[in-house]
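Engineer: Please see the structure below; I have some questions.
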Number of protein chains: 2
Amino acid sequence: MSLHQLQTDYSALQQLGLKLDLTRGKPSPQQLDLSVELLGLPGESDFLAEDKTDIRNYGGLQGLVEARRLFTTMVGAPHQQIIVGNNASLALMHDVLVFALLKGTCDSSEPWSKQSEIAFLCPVPGYDRHFKICEDYGIRMISVPLLEDGPDMNEVEALVASDPSIKGIWCIPKYSNPTGTVYSDSVVERLAAMTTAANDFRIFWDNAYAVHHLTEEHVSIANVLERCAAHGNPNRAFVFASTSKITLAGAGLAVFAGSKANVQWLLERMTSRTIGPDKVNQLRHVRFLKTEEGIADLMEKQRLLLAPKFEAVLNIFEAQLSGVPGVTWTRPKGGYFICLEVPPGCAKRVVTLARDAGVVLTPAGATHPYGNDPKDQTIRIAPSFPKLAEVQEAAKAMALCVQLAVAEAGH
Amino acid sequence: MSLHQLQTDYSALQQLGLKLDLTRGKPSPQQLDLSVELLGLPGESDFLAEDKTDIRNYGGLQGLVEARRLFTTMVGAPHQQIIVGNNASLALMHDVLVFALLKGTCDSSEPWSKQSEIAFLCPVPGYDRHFKICEDYGIRMISVPLLEDGPDMNEVEALVASDPSIKGIWCIPKYSNPTGTVYSDSVVERLAAMTTAANDFRIFWDNAYAVHHLTEEHVSIANVLERCAAHGNPNRAFVFASTSKITLAGAGLAVFAGSKANVQWLLERMTSRTIGPDKVNQLRHVRFLKTEEGIADLMEKQRLLLAPKFEAVLNIFEAQLSGVPGVTWTRPKGGYFICLEVPPGCAKRVVTLARDAGVVLTPAGATHPYGNDPKDQTIRIAPSFPKLAEVQEAAKAMALCVQLAVAEAGH
């Protein structure tokens, strides 16, 4: 299509007065309806945990054992090595990092904040809120490319072997945000085995989409805790998960798993912060989800609501963008995002064009440390929240904006 | 009574095989029953906040406005200057302190942790968990005496005026833990007005027992936020409260209030930690408590359960201890504790004797920084959790242990 024709189409698009938001990976009301039973649970007469703990009172720092048991497969650890906390695994990740900064890990000789500089490896594209925590606390971020099967391990291995200031790496190992990447067994093996100059190096393993399948194929990944232990690095991985995108996004449970030493360390650190988590919400989730199978059944219902939205975007991109040079996108098997790559220098322009046509996208650059995508080519699309018809409208609008931006740039 | 007689009585006490726990200020099951309705709320069809926010989804960092409105009188601030978070105000206090350490307050020129040393004033006797946070993060604690009407302000004023490393003071201004002390208007005024060498000095105003009356007299205190503002120190006070001892101890709401600048600062800090609090629990509390009057009504029911236990202890102490030299105790008008003072050097011995007779008390020293009560004379008693008959048994046992310890010491 000619630039002129694209401009004409874009003007027509603007006339539609769309008002669509694809910015964040929020569940739709229909998804939340699946868990509405939680709002009446556990019920007035149900307040004793299986060990007879009165869930209404103080205490129980590690979380109810029956709640921890729900997540043993998801995080790959026995319930003794699991901590269940309040809503938002982001808060748990933040706190774990803050504890390491102020006190050091169980393997640290001093608090991370006492060192002149520390750094984290950030596979890109990645999750903006991981990067925000680092930026906030002055942790230098080193981007490493996220390849088809995980971070570029040649680069990761070389960096961590030589630089003791590198204390960690952010990983979303399954259906990664935003690319849908699944880490291969070989990548997990190399992460577990690699030599690190820092002896208190930590993998922040944010398994946010562990059971969040978009196809009938239930992709599985290696157990990072087992692999780290097998290679003599039992304390290397901090594993995180949550029910935010299983039950209620604002009122779920967050989950931590790690080696015995890491769990003991975190419980000790948490002791000065709280007497215990909201155990009522934990029992509520136990009553509702019941078992790991209960979680799987619920996630299948989620899939049936989510998959058509992803399909719609992919079909429209296929129809409108497959001929456009330099434009590619992911076809995720799970998770919450589609990642669109446009020719260098075009991402910001696409986001601006979309905004001016009433379609709000995540700011270009958000997928990279410091909000700076050096090639300006990555766009994250979150199709979960709007209705299917709106997702279709938004995808068509986006595809036009991409075509126009590419044509403007003379690619 | 002779030492010999006391020893004989103590041997008889040991034969009873008591198993009683007065260690922590936990509500009793009967108190928790008052809020059992919460366990079925808000109900499956009730998930829209008054501004139409879907409470099941992400967002709403500051908390629901209707939840904030419940606490305006309690914390003495308009809802715009209130943040409502997840359970445990201890966690909020911890986080605020951590944010100040890692980032500084809105008035700090650098993070507190970048300074060679910082210190907090700790009125004693005080709350062990306040002290634990300071100890954990290496904040030097300076004890100041808690007098009848609040901290010894002559000492406080002299210290903060001369030492810029003093960044804060822990205050429980009403029905203080463990003494039941109520800060006088004059003390609040002096705290608000005093000159501090540190220009980012903060009062950690833990108003944990704001509505927790034990008598029909509802003691009120000055509004610290107003007084600080009136003296040109609008950002001086961080105000904390919670519903842990109003509704469910393990599943309540925590509340922060402060100046506009402090609230904005805290919201910015919280942004890297979480997308929002558990809004379902906030709506649940709104539906149950309804209004400030609803809170007052509930607290009156709590009082009718708690007051007899306090009375029982006081009556037994009166009967058994009023003749014992050097032994005094508080008669609190609210809160959760009775504070027993024994002659110097006797507190640990009383706690040991009680333990060996099956009555577990808070460790002697817990009321002071570093767990060290230099005169070894303060014992905190928490009569809320056991049944009334058990409280009576425990108080009698304690009184005997006090008599024996004093006699042993030859006082």
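The values are calculated or read from the model by the stated rules, or taken from the named source; none is laboratory data. Since this is a predicted model, take the numbers as computed values, not measurements. Ideal geometry is used to build each Cβ from the backbone, glycine not excepted, and the neighbour counts take in all protein chains shown. With ligands, DNA and RNA removed, areas are computed over all heavy atoms of the protein, side chains included. Shrake-Rupley method; radii C 1.70, N 1.55, O 1.52, S 1.80 Å.
Engineer: Given the whole protein assembly as supplied and a 1.4 Å probe, what does the accessible area of B:Thr73 come to in Å², nearest 10?
Structural biologist: Its accessible surface works out to 100 Å², give or take rounding.
Engineer: When Lys and Arg each count +1 and Asp and Glu each count -1, what net charge do the other residues less than 11 Å away from A:Gln115, Cβ to Cβ, add up to?
Structural biologist: With Lys, Arg at +1 and Asp, Glu at -1, the net is -1.
Engineer: Calculate the FRET efficiency for B:Leu48 and A:Gln30 from the Cβ-Cβ distance with a Förster distance of 22 Å, rounded to the nearest 0.05.
Structural biologist: Values: r = 15 Å, r/R0 = 0.70.
Efficiency, from the Cβ-Cβ distance: 0.90.
Engineer: Can you pull out the GluC sites (Glu not before Pro) in the stretch B:144-243 that DSSP calls coil and that have at most 10 other Cβ atoms within 10 Å?
Structural biologist: On the way: sites: B:Glu148, B:Glu155, B:Glu157, B:Glu189, B:Glu216, B:Glu217, B:Glu226; in loops: B:Glu148, B:Glu216, B:Glu217.
Of the GluC sites (Glu not before Pro), the ones in loops of the stretch B:144-243 whose Cβ has at most 10 other Cβ atoms within 10 Å are B:Glu148, B:Glu216, B:Glu217.
Engineer: If you don't mind, another one. For the stretch A:369-411, I need the span (max minus min coordinate) of the C-alpha atoms along each principal axis, in Å, sorted largest to smallest.
Structural biologist: Extents along the principal axes: 33, 28, 8 Å.
Engineer: Let me ask something else. Over the stretch A:133-292, what is the mean sequence separation of C-alpha contacts under 8 Å (at least six apart), divided by residue count, expressed as relative contact order in percent?
Structural biologist: Across the stretch A:133-292, relative contact order equals 17 percent.
Engineer: Once phi is turned into θ = phi - 60°, what whole-Hz ³J(HN,Hα) does the Karplus curve with 6.51, -1.76 and 1.60 give for every residue of the stretch B:247-261, x standing for Gly and Pro?
Structural biologist: Result, ordered by residue: 9, 10, 4, x, 9, x, 10, 9, 10, 10, 9, x, 5, 4, 5 Hz.
Engineer: Need the list of aspartates and glutamates near A:Lys396 for cross-linking: C-alpha distance under 14 angstrom, and skip anything on the same chain fewer than eight residues off.
Structural biologist: A:Asp9, A:Asp21, A:Glu311, A:Glu318
Engineer: Related question: Counting heavy atoms of the protein chains only and a 1.4 Å probe, report the per residue accessible area for the protein assembly as shown as a whole number of Å².
Structural biologist: Normalised by residue count, the accessible surface of the protein assembly as shown is 36 Å².
Engineer: For chain B, taking Cα atoms only, what is the radius of gyration to one decimal and the Dmax to the nearest whole Å?
Structural biologist: For chain B, the Cα-based Rg and Dmax read 22.1, 72 Å.
Engineer: When the chain is fully extended, how far beyond the present Cα-Cα distance does B:Thr195 get from B:Thr271, taking 0.36 nm per residue of separation?
Structural biologist: Result for the pair: 24.1 nm of gain on full extension.
Engineer: I've got another one for you. Restricting to Cα atoms and excluding each atom paired with itself, what does the Kirkwood estimate give for the stretch B:74-198 in Å?
Structural biologist: Numbers: mean 1/r = 0.0646 Å⁻¹.
Computed over Cα pairs of the stretch B:74-198, the Kirkwood hydrodynamic radius comes out at 15.5 Å.
Engineer: Taking θ = phi - 60°, what integer Hz values does the Karplus form 6.51 cos²θ - 1.76 cosθ + 1.60 yield along the stretch A:135-150, in sequence order, with x for Gly and Pro?
Structural biologist: Calculated HN-Hα couplings, in order: 4, 4, 9, x, 8, 5, 10, 10, 6, 10, x, 8, 8, 4, 10, x Hz.
Engineer: Shortest first and in nm to one decimal, what separations exist between B:Lys375 and its copies in the other chains, measuring from label points 7 Å along the Cα-to-beta-carbon line?
Structural biologist: Label-point separations across copies, in nm and ascending: 7.3.
Engineer: Quick check: the distance between the Cα centres of the stretch B:121-138 and the stretch A:210-271, to the nearest angstrom?
Structural biologist: 33 Å
Engineer: If you take every DSSP beta bridge whose two residues both sit in the stretch A:203-318, what share of them, in percent to the nearest 5, is antiparallel?
Structural biologist: Once the DSSP bridges in the stretch A:203-318 are tallied, antiparallel ones form about 50 percent.
Engineer: State the number of lysine pairs found in the stretch B:257-383 whose Cα atoms come within less than 30 Å, restricting to pairs 8 or more positions apart or on distinct chains.
Structural biologist: Close lysine pairs under the 30 Å cut-off: 15.
Engineer: Just by accessible area at a 1.4 angstrom probe, what is the order of A:Thr8, B:Thr72, A:Thr367 from largest to smallest?
Structural biologist: Numbers: A:Thr8 65, B:Thr72 35, A:Thr367 5 Å².
My answer, sorted largest first, is A:Thr8, B:Thr72, A:Thr367.
Engineer: When the chain is fully extended, how far beyond the present Cα-Cα distance does A:Thr23 get from A:Lys301, taking 0.36 nm per residue of separation?
Structural biologist: 97.8 nm
Engineer: Counting only other residues whose beta carbon sits under 12 Å from that of B:Asn177, what net charge do I get with K and R as +1, D and E as -1?
Structural biologist: Numbers: positive: B:Arg24, B:Arg129, B:Lys174, B:Lys245, B:Arg380; negative: B:Asp128, B:Asp206.
Here the count lands on +3.
Engineer: Something else: Exactly which GluC sites (Glu not before Pro) in the stretch A:261-369 are in a DSSP loop and have at most 15 other Cβ atoms within 10 Å?
Structural biologist: Taking the stretch A:261-369 and a limit of 15 other Cβ atoms within 10 Å, no loop GluC sites (Glu not before Pro) are found.
Engineer: Sorted from largest down, give the three principal axis spans of the alpha carbons of the stretch A:324-411, whole angstrom values.
Structural biologist: Reported extents, whole Å, longest axis first: 33, 27, 22.
Engineer: List the distances, in nm to one decimal, from the label point of B:Gln14 to the label points of the same position in every other copy, shortest first, placing each label point 7 Å from Cα along the Cα-to-Cβ direction.
Structural biologist: Here the equivalent label points are 9.1 nm apart from this one.
Engineer: With every protein chain left in place and a probe of 1.4 Å, what is the accessible surface of B:Ser109, to the nearest 10 Å²?
Structural biologist: Result for B:Ser109: roughly 120 Å² accessible.
Engineer: How about the stretch A:234-252: which of its residues lose at least 20 Å² of accessible area in the presence of all protein chains relative to their chain isolated, using a 1.4 Å probe?
Structural biologist: Those residues are A:Leu248, A:Ala249, A:Gly250, A:Ala251.
Engineer: Take every Cα-Cα distance within the stretch A:208-345, group them into 5 Å bins from 0 onward, and report for each bin the whole-number percent of pairs it holds.
Structural biologist: 2, 8, 13, 14, 15, 15, 12, 9, 6, 4, 2, 0
Engineer: As a test of the formula, what do you get for chain A when each DSSP H run with n ≥ 4 contributes -39,500 (n - 2.57) and the sum is divided by the residue count, at 222 nm and rounded to the nearest 500 deg cm²/dmol? Don't skip to the answer; put the middle values down first.
Structural biologist: Numbers: 14 runs with 161 residues, N = 411.
Roughly -12000 deg cm²/dmol at 222 nm, from the helical runs in chain A.
Engineer: I've got another one for you. Specify the longest stretch of chain B that does not include any exposed loop site, a site being one of the trypsin sites (Lys or Arg not before Pro) with a non-H, G, I, E, B DSSP assignment and at most 14 other Cβ atoms within 10 Å.
Structural biologist: In chain B, the maximal stretch lacking such sites is B:53-289.
Engineer: If you don't mind, another one. Apply 1/(1 + (r/R0)^6) to the Cβ-Cβ distance of B:Met1 and B:Arg355, taking R0 = 22 Å, and write down the FRET efficiency to the nearest 0.05.
Structural biologist: 0.50
Engineer: Over the protein assembly as shown, how many percent of alpha carbon pairs lie in each 20 Å bin up to the one with the longest distance?
Structural biologist: 15, 44, 31, 8, 1, 0
Engineer: Defining a contact as two alpha carbons under 8 Å apart and six or more residues distant in sequence, what relative contact order in percent does chain A show?
Structural biologist: Dividing the mean separation by the residue count of chain A yields 26 percent.
Engineer: Rounded to a whole number of µm²/s, how large is the Stokes-Einstein D of the stretch A:130-242 at 10 °C and 1.306 mPa s, given Rh as the Kirkwood radius over C-alpha pairs?
Structural biologist: 110 µm²/s
Engineer: Taking R0 as 35 Å, what's the FRET efficiency between A:Ser162 and A:Lys260 from their Cβ-Cβ distance, rounded to 0.05?
Structural biologist: Given R0 = 35 Å and the Cβ-Cβ separation, E is 0.70.
Engineer: Filter the GluC sites (Glu not before Pro) in the stretch A:45-126 down to the DSSP loop ones having no more than 15 other Cβ atoms within 10 Å, then list what survives.
Structural biologist: Filter output for the stretch A:45-126: A:Glu50, A:Glu117.
Engineer: Given a 1.4 Å probe and the protein chains all in place, what does the accessible area of A:His213 round to, in Å² to the nearest 10?
Structural biologist: Number for this one is 20 Å².
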